[in-house]
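To start, the structure under review is shown below, and the notes come after it.
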């Protein structure tokens, strides 16, 4: 994804690739509603 190449420390992941380390150490987390639902299906 080219849009984030100029943003320092930006990490872009799909919900299926997200892990606990990423969640705990991120300063901000932005997800779409659809990805949030997928994350909830995987983690719950």
Review point. Could you list log10 I(q)/I(0) for the chain at q = 0.13, 0.24, 0.25 Å⁻¹, which the Debye formula gives when each Cα is one point scatterer?
Key: -0.31, -0.95, -1.01
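Given the -39500 (n - 2.57) contribution per DSSP H run of 4+ residues, what per-residue ellipticity at 222 nm results for the chain, rounded to the nearest 500 deg cm²/dmol? The partial results should precede the final answer.
Values: 2 runs with 17 residues, N = 44.
That comes out to -10500 deg cm²/dmol.
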Revision key, fill the gap. Fewest to most Cβ atoms within 10 Å: 20, 31 sort as 20, 31
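Since every read-out is calculated from the coordinates, none of them should be taken as a lab result. Predicted model only: the values in this text are computed from it and were never measured. For neighbour counting, all protein chains shown are included, and Cβ atoms are generated from backbone atoms with ideal geometry for every residue, glycine included.
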